[in-house]
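Here is the structure we will look at.
The values are calculated or read from the model by the stated rules, or taken from the named source; none is laboratory data. Keep in mind the model is a prediction, meaning the values are calculated, not measured. Cβ placement follows ideal geometry from the backbone for every residue including glycine, while neighbour counts extend to all protein chains displayed. Heavy atoms of the whole protein, side chains included, go into the accessibility calculation; ligands, DNA and RNA do not. Shrake-Rupley method; radii C 1.70, N 1.55, O 1.52, S 1.80 Å.
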Amino acid sequence: MATQDKPVLHGYFRSSCSWRVRIAFALKGIEYDQVPVHLIKDGGQQHTEQYKTLNPMQQVPAVEIDGITLSQSLAVIQYIDETRPGPPLLPADPKKRAQVRMISDIIASGIQPLQNLHVIQKMGTEKVQWAQHFIDRGFQALEPLLKQTAGKYCVGDEISMADICLVPQVYNAERFKVDVEQYPTIKRLNETLLQIEAFRVSDPSCQPDTPEDLRA
């Protein structure tokens, strides 16, 4: 399936979920337009009535594609994978595919939401300690799992949705001063993935809405 219109990604440069979608588009070689949604300015542009029509959860991303609007990054990634040519983002083997989904869900459901902006804003002065605790808790589960599944990448030797989820989460861990050295498999995989063009061009340091002082 393909359309003449480019997909439109409504996102935020430092949002993990937006970054996942950017990586998927880059891996597939899909051109798309970006509409910045600043999560802090004006009390958070995600709370406007206009944006709520795109994403009732008032979160990023929202992706307009093929005449529909999708939110939730894993749903977007799987839709892209099912409708666009290019390297597959989920393995053909059912066991490996289940492992990819499991790792992706651990990150997207079990780690990232607990240090998301709308959560840590409620924590006041404890927000860094809160984020560190839940990232460490998640990484303590993820590290032994990845030792079992990883080859060159998270599951075997092909890039998958699990890798797309891992890199933004390590970025967040480093932002919150989590000691990633404790997790050698996670650290190795992240370093390998950051050498790949699709991960570099989608990095928060080089997006249209990246502030000048945070540009690479």
* Which far-off residues, 5 or more places away or on another chain, put their amide H under 5 Å from the one on Gln34, with H placed in the peptide plane? -> Leu9
* To do: Compute the FRET efficiency between Ser109 and Met57 as 1/(1 + (r/R0)^6), taking r as their Cβ-Cβ distance and R0 = 22 Å, and round to the nearest 0.05.
  => 0.95
* Structure fact -> Classified through the alpha carbon gyration tensor (a ≥ b ≥ c as square roots of its eigenvalues; rounded if a/c is under 1.5, else prolate when a/b is larger than b/c, else oblate), the range 53-107 comes out oblate
* Value in Å of the Kirkwood radius, where the range 9-87 supplies the Cα pairs that are averaged -> 12.7 Å
* Asked: Quick one: Debye curve from the C-alpha atoms of the chain, no solvent, what's log10 I(q)/I(0) at q = 0.09, 0.14, 0.16 Å⁻¹?
  -> -0.34, -0.85, -1.13
* **Portion, in percent, of the accessible area of the chain that falls on carbon or sulfur, probe 1.4 Å** => 52 percent
* To do: Would you kindly work out the equivalent ellipsoid of the range 109-216 from its C-alpha gyration tensor and give its semi-axes, the square roots of five times the eigenvalues, largest first in whole Å?
  => 23, 20, 11
* To do: Taking the Cβ of Asn55 as the centre, find all other residues whose Cβ is under 13 Å away and add up their charges (Lys, Arg: +1; Asp, Glu: -1).
  => -1
* Over the range 9-87, average the accessible area per residue using a 1.4 Å probe and give it in Å², no decimals. => 44 Å²
* To do: Please compute the net charge surrounding Leu194, taking Lys and Arg as +1 and Asp and Glu as -1 over other residues with Cβ under 10 Å from its Cβ.
  => -1
* Asked: Where only protein heavy atoms count, and the probe is 1.4 Å, what is the accessible area per residue for the range 169-216 in Å²?
  -> 53 Å²
* Candidate aspartates and glutamates - alpha carbon under 13 Å from Lys41, same-chain residues fewer than 8 apart omitted -> Asp209
